[in-house]
């Protein structure tokens, strides 16, 4: 993570760290140097160099074909050549609980925070989603929901542990421009009231009264 938020706040978690620490209770031991990474660095270098060439030699250009090639051909040969027997055969892996197993799609998703707008829509990556009227939980304006981008390319919105019903809008709702000037009376400095206007009649009577008093 090299965006501004991560630089300003070192406690910001990556998606992988969030899944391990918050959801699976797995401690991550960071390796801050190539020497600390050991065999992992060597493995990555081998795969980045050799694996790409193997895929090209076998005319593989799709994800489906690549996955089949890895499982059936590449991994068996690679493990037979580089695999090392462990010092002890004890299995120290912790078994997942039923709840964790049922939430794996959610745990291993990319998760982001979004705000519910006043029209009950949510913006996410240039798309606009309209929340349905019928929901499993009460939704208020300005609520912060969690967006899950799952590995099967689906999108889920979660609020207080419940998944929301929504639909994808073809485009963002446009604001209605109300013409407020239609109620404004335009001032006209050149306007002169006619001779029979009540204002002029009143002024004329006052003027005649003054003349009568003077005479």
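Taken over segment 57-69, the criterion of being loosely packed, with under 10 Cβ neighbours inside 10 Å and part of a helix (DSSP H, G or I) is satisfied by 57, 63, 64. Does at least one position in segment 170-177 carry a residue that is under 30 Å from residue 20 (Cα atoms) and either modelled with pLDDT under 95 or not in a loop (DSSP other than H, G, I, E, B) (or both)? No, segment 170-177 contains no residue that is under 30 Å from residue 20 (Cα atoms) and either modelled with pLDDT under 95 or not in a loop (DSSP other than H, G, I, E, B) (or both).
Where helices (runs of 4 or more DSSP H) fall entirely within segment 1-51, those with at least 2 residues that are modelled with pLDDT of 75 or more and touching a strand residue (DSSP E or B) at 6+ places or on another chain (Cβ under 8 Å) are at 15-18. In this entry, residue 68 passes the filter for residues that are assigned by TED's automatic domain parsing to the domain that holds residue 48 and modelled with pLDDT of 90 or more. I'm trying to understand the selection: among the residues of segment 109-145, which are within 28 Å of residue 64 (Cβ to Cβ) and crowded, with 16+ Cβ neighbours inside 10 Å? Result: 109, 111.
Restricting 148, 72, 85, 54 to those that are on the phi < 0 side of the Ramachandran plot, surrounded by 10 or more Cβ atoms within 10 Å (Cβ to Cβ) and either in a loop (DSSP other than H, G, I, E, B) or more than 17 Å from the chain's Cα centre (by Cα) (or both) reduces the list to 54. Evaluation of residue 106 against the conditions (1) touching a helix residue (DSSP H, G or I) at 6+ places or on another chain (Cβ under 9 Å); (2) surrounded by fewer than 13 Cβ atoms within 10 Å (Cβ to Cβ); (3) farther than 24 Å from residue 30 by Cβ shows that the sole unmet condition is (2).
The values are calculated or read from the model by the stated rules, or taken from the named source; none is laboratory data. If you're wondering where the values come from, they're calculated on a predicted model, not measured in any experiment. Virtual Cβ from ideal backbone geometry, glycine too; neighbours counted across all protein chains shown.
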